[in-house]
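Right, one structure below, let's go through it.
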Amino acid sequence: MNLLFICTHNRCRSILCEAITNSFDDPRVRAFSAGSQPAGEVHPLSLKYLAKQGISTANLRSQSWDDFAGQAIDIAITVCDSAAGESCPLWLGNSPKVHWGLSDPSKLSGSDADIEAAFNTCIASIQARIQALLALDIENLDKAELISALQKIHTNVSDGVKT
């Protein structure tokens, strides 16, 4: 299953989702990330805090969702509120879209400790969501069941802690 994580600028949250999902190395799932208005560079703190967690940052780059026009995408997951409100490109066709809103740690101002804590909280939340996704019997769910399950994951997992 190919997942495309979308955030408007594709420099922080969607990048974190791509790297974290692929770090689980589950052959059933492959993650990509993109943006409608990519910044052209990955936020340096995204790279720093992924590396601190031992998650590979190789090949991560800020890119346009247009770069995926020829790629079969099974589900698009928006992770920022502005991307959730955007119309997806026509090439996504009938690919379902689910929203997993995440706070943007790269926009936080404060001490280094506060910023690190915000990144770690976001990373933990994404890890918990991906673990919940990978615990699903995804091969035997139809699209509607999968979408429902992904929406429940968003509802039930916040700040890296299952509620």
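With respect to the stated conditions, Asp66 is farther than 15 Å from Cys122 by Cβ, assigned to a helix (DSSP H, G or I) and open to solvent by 50 Å² or more (accessible area, probe 1.4 Å). Beta carbons closer than 7 Å, at least 6 apart along the sequence or on distinct chains, never pair a first residue in region 140-156 that is farther than 16 Å from Ala76 by Cα with a second that is modelled with pLDDT under 95 and assigned to a helix (DSSP H, G or I). Region 79-163 holds helices (runs of 4 or more DSSP H) entirely within its bounds, and those carrying 1 or more residues that are in contact with a Cys (Cβ under 9 Å, 6 or more places away or on another chain), modelled with pLDDT of 95 or more and over 18 Å from Thr8 (Cα atoms) map to 112-134.
Within region 103-119, one or more residues are small (Gly, Ala, Ser), more than 13 Å from Ile20 (Cβ to Cβ), open to solvent by 80 Å² or more (accessible area, probe 1.4 Å) and without any contact (Cβ under 8 Å) to a residue 40 or more places away in the chain.
The values are calculated or read from the model by the stated rules, or taken from the named source; none is laboratory data. Every value quoted in this text rests on a predicted model; they were computed, and no experiment measured them. Don't worry about glycine lacking a Cβ; one is built from the backbone with ideal geometry, like all the others, and counts go over all protein chains shown. In case anyone asks, the SASA skips ligands and DNA or RNA and just uses the protein heavy atoms, side chains included. Shrake-Rupley method; radii C 1.70, N 1.55, O 1.52, S 1.80 Å.
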